[in-house]
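The structure under discussion appears below in the form of structure tokens.
The values are calculated or read from the model by the stated rules, or taken from the named source; none is laboratory data. Worth saying up front: this structure is predicted, and the values here are computed from it rather than measured. Ideal geometry is used to build each Cβ from the backbone, glycine not excepted, and the neighbour counts take in all protein chains shown. Surface areas here come from the heavy atoms of the whole protein model, side chains and all, with no ligands, DNA or RNA. Shrake-Rupley method; radii C 1.70, N 1.55, O 1.52, S 1.80 Å.
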Amino acid sequence: MTCSEFLQELTDYLDGIIDAPTRAELEEHLTWCRDCFVICNTTQMTIQIYRNSELYELPEDLRTRLRSAILTKCKHQEKAEEPASSPSESSSNSQT
Amino acid sequence: MATDTIKTGEAADELSLVRAAKAGNIEAFEQLIRRYDRNVFRIAQHITQNREDAEDVVQDAFLKAFQNLAGFQEQSKFYTWLVRIAVNEALMKLRRRRTGKLVSLDEDVQTEDDSVPREVADWSPNPEQLYNRAELKEILDKTIQGLPPGFRSVFVLRDVEGLSTEETAEALDLSIPAVKSRLLRARLQLRNRLTKFFRQRQQPENGRNN
């Protein structure tokens, strides 16, 4: 197996979705090819670092504000679709 | 009120929540928002690269999901369906920002290929400890921003959000081979770029040469 063949299979190998014979070939390649060993290892670290990172977390206060805005719009939308049963209704925030 | 038959909170079964929301139960829909708002925000921020746009996308995506719940066939997971809506909303935001220019996730995907590993230096055993939290965040942010949107989106859905290849293909309207090929290139490009920050240093003392 060449290095470029190894790289073609790298994604499936790292995801653990590869058949046993191919896995054996890849692992055999890793035993003697230091470059592919390093690439495999550092690519796995790359995935792990991004997975662990809290890049773009949603702060709790913003979360609450967004949720309340969404729910207001959803309730508004529901009302608009309902046939008008109580025409004089002006403000109700306790829809159940 | 129709909450009698559904549980709320973490343990609630997703399909029951979706069905209750379909029947007009706002509390059930609120549970679905709580469950997925952080994920939708992350995805939106990764695609738009703009915080305000990402906030708008969260609102628009959930509202659109609520409006179209009746059309959700329950053949896929609710989350995958929601992600698909969010990705489309995020792309529309990008398009508006670029004054009407059509934006697709295929943009720039065919350009330069720096996924061929150039740097094969080994990394420090604990790369995350080489920098403080803020520095690390900046490195990761800048590095991922450098990827074409079509690679970034695949990487985020697969590796950060943990969707399967099939779910990612469905959410981004791509074929499975396209998802796999973009994922490989995204991973290798990120690895290449991070190597310059995380490579094992010869001299550990005060060794930050930028």
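Key figures
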{"read-out": "Check on B:E52, charged (D, E, K, R), surrounded by fewer than 15 Cβ atoms within 10 Å (Cβ to Cβ) and in the same structural domain as B:E30 (by TED's automatic domain parsing)", "value": "yes"}
{"read-out": "Filtered residue count, the stretch A:34-56, keeping only those that are more than 7 Å from every other protein chain (Cβ to nearest Cβ) and either open to solvent by less than 70 Å² (accessible area, probe 1.4 Å) or touching a residue at least 60 places away in the same chain (Cβ under 8 Å) (or both)", "value": "3"}
{"read-out": "Residue that is farthest from the chain's Cα centre (by Cα) [pool: residues in the stretch A:1-32 that are more than 9 Å from chain B (Cβ to nearest Cβ) and under 23 Å from B:P127 (Cα atoms)]", "value": "A:L30"}
{"read-out": "Residue count, the stretch B:142-170 (criterion: outside any helix (DSSP H, G or I), within 12 Å of chain A (Cβ to nearest Cβ) and more than 24 Å from B:S76 (Cβ to Cβ))", "value": "1"}
{"read-out": "Tally of residues being under 19 Å from B:L105 (Cα atoms) and either open to solvent by 10 Å² or more (accessible area, probe 1.4 Å) or facing another protein chain (nearest Cβ under 9 Å) (or both) across the stretch B:62-81", "value": "1"}
{"read-out": "Lone unmet requirement of (1) closer than 30 Å to B:R133 by Cα; (2) modelled with pLDDT of 85 or more for A:D19", "value": "(1)"}
{"read-out": "Of the criteria (1) out of contact with any Asp or Glu (no Cβ under 8 Å at 6 or more places or on another chain); (2) at pLDDT 90 or above, which one B:A90 fails", "value": "(1)"}
{"read-out": "Given (1) part of a loop (DSSP other than H, G, I, E, B); (2) surrounded by fewer than 11 Cβ atoms within 10 Å (Cβ to Cβ), number of the condition A:S4 does not satisfy", "value": "(1)"}
